[in-house]
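Single-structure report; data block below.
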Amino acid sequence: MIKVFVTDDHEMYLEGLALLLNKQTGISVIGTALSGTELLEKLPKTDADILLLDVYLPDMEEEDLLKKIREVKPDQKIVYLTLLRGTRYVHKLTKHGIQGYILKNSSIAELSTALQKVYEGEQYFSKEINIGDAESDFRSTITIADKDIHEILSKREQEVLKLICKEFNNAEIAERLFLSVSTVETHRKNLIAKLGVNNTVGLVKFAVKHHLVD
């Protein structure tokens, strides 16, 4: 039996994923956490074979969390399940010895296969991720089909992205969308993380490439 501990900051998604995994032959979810902090609190008493993590957790940077996990359990097997397709993230995380990186649009069958392979000592990366790209540490490689954009970005995130492309600042976007400035800042950060870009210029290039703006 493969014992899995799952961490994701979206409670409904976390509960649903745990239920699906528990229905798979040979897999048991033995614990969950909604944040990096909660994971670290539970980790010393957890005997999971694999940690299944989302890349973006609001309370902790991904590399900081990885370092803390390695301090407690140096040989812990770690697999990421995420929306983030930029290979920049994959290269950054593989430097810390992760065993897998799987996209959230993958089937439960593929996820089960990935967990089985990692449990047996192999690595598993979604086929859309080009881990062999030597330049990926220095540039973003976005491999999102136009049809997938509405699955990856919420309606509000798309609205914020369009206003960013029109050169509105956070305060102006907040006023137009009746949001707080801090909420807009969070949306901007989430857009950069989800799309695997480095800055606002990268967001604009993405929007133009995928016909989100004229």
From the options 23, 45, residue that is closer than 19 Å to residue 74 by Cβ and basic (Lys, Arg): 45
When residues of the stretch 37-60 are limited to those that are within 19 Å of the chain's Cα centre (by Cα) and closer than 25 Å to residue 121 by Cα, the one surrounded by the fewest Cβ atoms within 10 Å (Cβ to Cβ): 40
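Out of 109, 48, I need the residue that is in contact with a Lys or Arg (Cβ under 7 Å, 6 or more places away or on another chain) and farther than 30 Å from residue 185 by Cα. Which one?
48
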For residue 25: the one exception among (1) touching a strand residue (DSSP E or B) at 6+ places or on another chain (Cβ under 7 Å); (2) surrounded by fewer than 16 Cβ atoms within 10 Å (Cβ to Cβ); (3) hydroxyl-bearing (Ser, Thr, Tyr): (1)
Wholly enclosed helices (runs of 4 or more DSSP H) of the stretch 55-153 bearing at least 3 residues at pLDDT 80 or above and not assigned by TED's automatic domain parsing to the domain that holds residue 188: 62-72, 108-119
Verdict on residue 29 being outside any helix (DSSP H, G or I), at pLDDT below 90 and not basic (Lys, Arg): no
Residues located in the stretch 65-99, provided they are more than 18 Å from residue 194 (Cα to Cα) and either free of Cβ contacts under 8 Å to residues at least 12 places away in the same chain or small (Gly, Ala, Ser) (or both): 71, 74, 75, 95, 97
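The values are calculated or read from the model by the stated rules, or taken from the named source; none is laboratory data. Note that the structure is a prediction, hence the values are computed from the model and not measured. As a convention, Cβ positions derive from the backbone with ideal geometry for all residues, glycine included, and neighbour counts pool all protein chains shown.
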